[in-house]
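The values are calculated or read from the model by the stated rules, or taken from the named source; none is laboratory data. Quick caveat, the model's predicted, so the values are computed rather than measured. Using ideal geometry, Cβ is built from the backbone for each residue, glycine included, and neighbour counts are taken over all protein chains shown. Please note that ligands, DNA and RNA were not included when accessible areas were found on the heavy atoms of the full protein model with its side chains. Shrake-Rupley method; radii C 1.70, N 1.55, O 1.52, S 1.80 Å.
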Amino acid sequence: MDTIVAAVVQAIPAYAALDSRQVEEVRSIAGWTLRRVLELWASDSEPDDTDTHRFRGVGAVRARDGRPLAAVQRAYRTVGPHLLDILSKRYGDQLTATDVTALSRAYLRLLDVVSEAIQEGYEASARTMSADRETSLRQLVTDIMRGRQTYEGSLAARLRELDTRLPKTFDVLVVGPGQGQVVELDALDVAFSDNGVNLRARVDGLSVVILGGSEDTPVRAGALVGNAGATAVLLRSVTTKHVPRLFRIATAALRHRAARSGTLFTRGDVEAIAILTGHHDGDPQALVAAVIGPLVSEPELLRTLEAVLWAGSDTRAAADLGLHPQTVRYRLRGISAATGRDPRRQWDRFVLLAALTARA
């Protein structure tokens, strides 16, 4: 089976970039197909309705994945010659010409059913997606958040089919109700209508919108959340590869008691909550990078931050560092500018301490 899967991946460019999960899926389908060929050969029977139904389903899934129809059909055509080669090498001295002819006919009969069924399923799914673009766009957002759309080739094809675009990096706003009213998708569309937004959905009970990444996004998001009395998480400059984990910890943070009405969390906040609550997606180094990463190249600011947090006051930190208190205050302003956090604010101080503690 490894030989056949490797041959398919090597022969078809669209399959060369599949991730490990998708390759395993190819292996499973190829294995079932080959077993079915051998069953038809051994029983001298014809493919039945179950075969048609199964391959229509395969075609429908491939359409949603965005894998080209021609590539999918070619994958099945690629399997046949390799199956014959394997059988010839292993059992060549036991097979007659009649046996090989019968096997070839069984394979061709199944291939005929496969080709037609996959095309029918593929085209039916594509028609459904095109007929209800809004639903399809919302399903795309859901798939991205849940990690079902990480393969770049299939994502690009899906975006083309839906006549939309998604930058390599983008912002995600995840909105929960908090103690106020639920922020509906239409309200998100109005708030960010001139910000390149066209991807939004309700995912796991939360309103999610994917944004292009404008500089004023944090201000707009803060105003939206504040006016609605909602809670939200703004994830900036994320990718389809990393957003599923971030969405999971954002969801957990919005359901934590720390998420109070009018709260707008950023990535550092949800990373800290994930670590401190023992969430399985917690990542200490991600917390460090998100919160104090900008200070890595500023060792004086980093030392000053540590001194202030552990000493408890600017004056005591200045004494510990052998600096004038005004110098420490000047550096604190630099720390706030670099991290977006003020060590004097209770929550920011908490998150900064968490990141310093997690630092290796």
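Filtered by the rule that a residue be outside any helix (DSSP H, G or I) and without any contact (Cβ under 8 Å) to a residue 12 or more places away in the chain, the stretch 289-301 gives V296, S297.
The rows are residues; the columns are (1) open to solvent by less than 40 Å² (accessible area, probe 1.4 Å); (2) among the acidic types (D, E); (3) in contact (Cβ under 8 Å) with a residue 24 or more places away in the chain.
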| residue | (1), (2), (3) |
| --- | --- |
| R245 | no, no, yes |
| R248 | no, no, yes |
| A253 | yes, no, no |
| L276 | no, no, yes |
| L287 | yes, no, yes |
| R303 | no, no, no |
| W310 | no, no, no |
| H324 | no, no, no |
| V328 | yes, no, yes |
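Residue selection: Q139 satisfies the criterion of being touching a strand residue (DSSP E or B) at 6+ places or on another chain (Cβ under 8 Å) and polar (S, T, N, Q). One residue alone among R267, R260 is surrounded by fewer than 15 Cβ atoms within 10 Å (Cβ to Cβ) and within 30 Å of N227 (Cβ to Cβ), and that residue is R260.
So for the stretch 83-102 (the condition being open to solvent by 50 Å² or more (accessible area, probe 1.4 Å), over 20 Å from E25 (Cβ atoms), at pLDDT below 80 and in contact with a Phe, Trp or Tyr (Cβ under 9 Å, 6 or more places away or on another chain)), does at least one residue qualify? Yes.
Just wondering, is there one or more residues in the stretch 307-325 that are modelled with pLDDT of 90 or more and either under 19 Å from S237 (Cβ atoms) or polar (S, T, N, Q) (or both)? Taking every residue of the stretch 307-325 in turn, none turns out to be modelled with pLDDT of 90 or more and either under 19 Å from S237 (Cβ atoms) or polar (S, T, N, Q) (or both).
Restrict the check to the stretch 77-85 and report whether at least one residue is in contact (Cβ under 8 Å) with a residue 60 or more places away in the chain, among the charged types (D, E, K, R) and on the phi < 0 side of the Ramachandran plot. No, the stretch 77-85 has no match at all.
Within the stretch 212-227, is there a residue that is touching a Lys or Arg at 6+ places or on another chain (Cβ under 9 Å), of a type in the set (A, V, I, L, M) and either crowded, with 19+ Cβ neighbours inside 10 Å or under 23 Å from H256 (Cα atoms) (or both)? No: the stretch 212-227 contains no residue that is touching a Lys or Arg at 6+ places or on another chain (Cβ under 9 Å), of a type in the set (A, V, I, L, M) and either crowded, with 19+ Cβ neighbours inside 10 Å or under 23 Å from H256 (Cα atoms) (or both).
In the condition set (1) among the β-branched types (V, I, T); (2) touching an Asp or Glu at 6+ places or on another chain (Cβ under 8 Å); (3) at pLDDT 85 or above, T150 is compliant with all but (3).
Can you pull out the helices (runs of 4 or more DSSP H) entirely within the stretch 197-281 that have at least 3 residues that are at pLDDT below 90?
Values: elements: 217-228, 243-254, 267-276.
Output list reads 217-228.
Looking only at residues in the stretch 55-71 that are part of a helix (DSSP H, G or I) and modelled with pLDDT under 80, the one that is farthest from G121 (Cα to Cα) is A71. Of all the residues in the stretch 160-181, those that are open to solvent by less than 40 Å² (accessible area, probe 1.4 Å), modelled with pLDDT of 85 or more and not acidic (D, E) number 9. Six or more apart or on different chains, Cβ under 6 Å: which pairs go from a residue in the stretch 330-351 that's at pLDDT below 90 to one that's of a type in the set (K, R) and surrounded by 15 or more Cβ atoms within 10 Å (Cβ to Cβ)? Could you list them? Within 6 Å, the pairs are P343/R349.
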